[in-house]
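Written below as structure tokens is the structure these notes are about.
The values are calculated or read from the model by the stated rules, or taken from the named source; none is laboratory data. Computed from a predicted structure; not experimentally measured. Positions of Cβ are backbone-derived with ideal geometry, glycine not excepted, and every protein chain shown enters the neighbour counts. Surface accessibility is based on the protein's heavy atoms, side chains included, excluding ligands, DNA and RNA. Shrake-Rupley method; radii C 1.70, N 1.55, O 1.52, S 1.80 Å.
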Amino acid sequence: MISQASSRQCAVELQALPSRIGQVRRIVSAQLRYWNLDPLIEKAALGVTELLTNVHRHAKPDKICTVEIEFLLDRLTVSVHDHDPRLPAVVHLEDGPDPLATSGRGLALIEAVSESWGARPQGDAGKVVWFTLPAPSATPVGIPAVPAYGAVGGAAFKEPVPFGDGAEAAETVRGHAATAVRSAVAG
């Protein structure tokens with residue numbers, strides 16, 4: 001079930017099975033694109049994959065969890081709530097696992113790519129594991145891309161270019177790129 005409490009918060013409840021993790025990655029990616037946070041997609045998708053994999057491998061008594069993404073001020077917070085009260089611990093390379101192991105480094109990866117991360121107990125309801133990513137300083141969420149004004153081949157364009165973050169789109173129109181001109185014209 002997907003719910004959206006506000007324009008800057010989205011939650012997905014699921015059973016953390018390998019087949020569902022890819023679906024959640026796509027949902028998170030699509031939501032970040034909608035919020036104009038494309039530069040955060042790769043790190044957010046990696047982090048949510050690691051957290052869901054931990055739920056799949058370690059959570060008891062069940063694999064039911066809720067993934068929540070929230071964009072507030074200049075931070076994206078990704079969190080996963082599960083029903084297991086045991087808190088996770090980072091395994092650093094010097095403590096193990098084997099450098100050739102195919103698992104055991106998920107939280108260390110999250111620690112490496114995120115601004116901050118943590119876990120908090122929720123009493124009998126389990127725990128929440130979360131991480132934050134700083135938002136890019138470009139276009140704020142909910143604000144349309146910077147309009148591109150210019151002239152190409154004698155035609156003046158006064159409509160916003162509906163792709164990119166606005167800066168490269170404006171440069172493309174001023175640079176007379178034919179594909180950008182076709183993309184900027186409705187219809």
request  = State all residues of the stretch 25-67 that are closer than 22 Å to P88 by Cβ and not in a helix (DSSP H, G or I); if no residue qualifies, say none.
outcome  = A59, K60, P61, D62, K63, I64, C65, T66, V67
key: Members of the stretch 40-71 that are open to solvent by 20 Å² or more (accessible area, probe 1.4 Å) and within 9 Å of the chain's Cα centre (by Cα)   = I41, E42, K43, L46
query = List pairs: first in the stretch 15-33 and farther than 10 Å from V48 by Cβ and modelled with pLDDT of 95 or more, second in a helix (DSSP H, G or I) and among the acidic types (D, E), Cβ under 9 Å, 6+ apart or cross-chain?
reply = L32/D38
request  = Can you run down the residue pairs with Cβ atoms below 7 Å, 6 or more apart or on separate chains, where the first is in the stretch 90-115 and farther than 21 Å from V129 by Cβ and at pLDDT below 70 and the partner is among the β-branched types (V, I, T) and surrounded by 11 or more Cβ atoms within 10 Å (Cβ to Cβ)?
outcome  = none
